[in-house]
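Enquirer: Right, I'll just put the structure down here and ask away after.
The values are calculated or read from the model by the stated rules, or taken from the named source; none is laboratory data. All of these numbers come straight from a predicted model, not from anything done at the bench. Every residue, glycine among them, receives a Cβ derived from its backbone with ideal geometry; neighbour counts consider all protein chains shown.
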Amino acid sequence: MILGAICSVLSVTFYAVGASYFVLFIGALFEGLQRAWYSGNNDALLYETLSNSNRKDDYDHYLGKTSAMFQVATAVGIIVGGFIAVWSFPLVMWLSVIPQVICFIISLLIAEPSRQSNQSSNIYSHLMTATKKIWTNRKLRLLSTNSIIGFAIGESTYQFRAAFVNTLWPLWAVGFSKVLSSIGAAISYWYSGKLIKKGGAFRLLLISGIYGKIINIISVAIATVISPVLLSSTSLFYGVTEVANSKLMQKEFTDEQRATLGSLNSFMGNLAFGVFAIILGIFADKFGPTKALLFAYLFSLPTLLINWTLFKSNKNE
């Protein structure tokens, strides 16, 4: 976590300097390293911290609350950053260094969870064992596949959605569609713990999948001025879905490989995102942003089968 915080400070600093392509490239390199240090590690840290105090059953509650704050910060950042950028874009980047420095200081104050045992093993052997764990555990395999596909398509379409919104709304209003999404996600994250306890994680994954697919396809297939608002409404399920999926996966992870299994899932998700984002871009160049998004949303339909299979097999949990 500390190394991730250091890389985050360096990344935003290089972006702020931004004197040349090479400087920005270095910033992107440190951003990638920051994501790698955080990947799998932060959720494992939260889970084991709660486990040490006999509160691991409240993992969804605390993950939801901390993630909600991230979405609130995103919404505030978009609004404030937009106003400051009109005056000075470099100032936006330099001001962004300040919260990263604060994060680094906070990382120094976080206590390491106590270890049950100290083990020294070959890193490649450890990785192979973690990979076999995903392959042999059917529930974990389905959850991981669902997460990987969901991230690849979801992240690609979310980043690309501004191009579609700009065909319906003026440029100055495009940022507000993301603000709406962040507010919806914050609400969803904040109440995710209660919703999961009442509705069940597997049921919520299925309901979220059905609602999201219907709204996304209709909003793009019948594009109107309210389509961006409808697309943003799917974020009301985003937080609870992310927390539910994380909770279910953490239950299947072993203590020895908790961070590694999370990192493997994140690694595969980012690889899939990298491939799908390029395909989506090529498709958009040829057929336009609307048809590209429609293609992506239709392509994601098979994940409903995964959600249904998980729900049907585990509806008693």
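Enquirer: Considering every residue within the range 41-54, establish whether at least one is within 28 Å of Met268 (Cα to Cα) and assigned to a loop (DSSP other than H, G, I, E, B).
Expert: The first filter runs over the range 41-54 and keeps only residues within 28 Å of Met268 (Cα to Cα), leaving 41-51.
Then drop every residue that is not assigned to a loop (DSSP other than H, G, I, E, B), which leaves none.
No - not one qualifying residue is present in the range 41-54.
Enquirer: Tell me which of these Tyr158 doesn't satisfy, since it passes every other one: (1) closer than 21 Å to Phe299 by Cα; (2) hydroxyl-bearing (Ser, Thr, Tyr); (3) over 15 Å from the mean Cα position of the chain (by Cα).
Expert: Result: Tyr158 passes all but (3).
Enquirer: Can you tell me which residue in the range 133-173 is farthest from Thr234 (Cα to Cα), limited to those that are hydroxyl-bearing (Ser, Thr, Tyr) and touching a Leu at 6+ places or on another chain (Cβ under 7 Å)? Steps first, answer last, please.
Expert: So the first thing to find is which residues in the range 133-173 are hydroxyl-bearing (Ser, Thr, Tyr), and the list is 136, 144-145, 147, 156-158, 167.
Keeping just the survivors that are touching a Leu at 6+ places or on another chain (Cβ under 7 Å) gives 156-157.
Details: Ser156: 15, Thr157: 13 Å.
Per the criteria, the residue is Ser156.
Enquirer: When only residues in the range 132-149 that are at pLDDT 90 or above and of a type in the set (Val, Ile, Thr) count, which is surrounded by the most Cβ atoms within 10 Å (Cβ to Cβ)?
Expert: Taking the candidates together, the pick is Ile148.
Enquirer: Follow-up question, since we're still on this one. Got at least one residue in the range 205-214 being part of a helix (DSSP H, G or I), among the aromatic types (Phe, Trp, Tyr) and either modelled with pLDDT under 90 or within 18 Å of the chain's Cα centre (by Cα) (or both)?
Expert: The initial filter retains those residues of the range 205-214 that are part of a helix (DSSP H, G or I), namely 205-214.
Next, from what is left, pick out any that are among the aromatic types (Phe, Trp, Tyr): 211.
Add one more test, that the residue is either modelled with pLDDT under 90 or within 18 Å of the chain's Cα centre (by Cα) (or both), and what stays is none.
Checking the range 205-214: not a single residue is part of a helix (DSSP H, G or I), among the aromatic types (Phe, Trp, Tyr) and either modelled with pLDDT under 90 or within 18 Å of the chain's Cα centre (by Cα) (or both).
Enquirer: Suppose we keep only residues that are surrounded by 17 or more Cβ atoms within 10 Å (Cβ to Cβ) and either in contact with a Leu (Cβ under 6 Å, 6 or more places away or on another chain) or hydroxyl-bearing (Ser, Thr, Tyr) (or both) within the range 192-212. Which one would you say is farthest from Phe70 (Cα to Cα)?
Expert: By that ranking, first place goes to Phe202.
Enquirer: While we're here: Would you mention how many residues in the range 172-189 are surrounded by 20 or more Cβ atoms within 10 Å (Cβ to Cβ) and within 19 Å of Gly64 (Cβ to Cβ)?
Expert: Residues meeting the conditions: 7.
Enquirer: Could you tell me whether Ala152 is at pLDDT 80 or above, surrounded by fewer than 12 Cβ atoms within 10 Å (Cβ to Cβ) and under 23 Å from Ala44 (Cα atoms)?
Expert: Taking the combined requirement at face value, the residue does not satisfy it.
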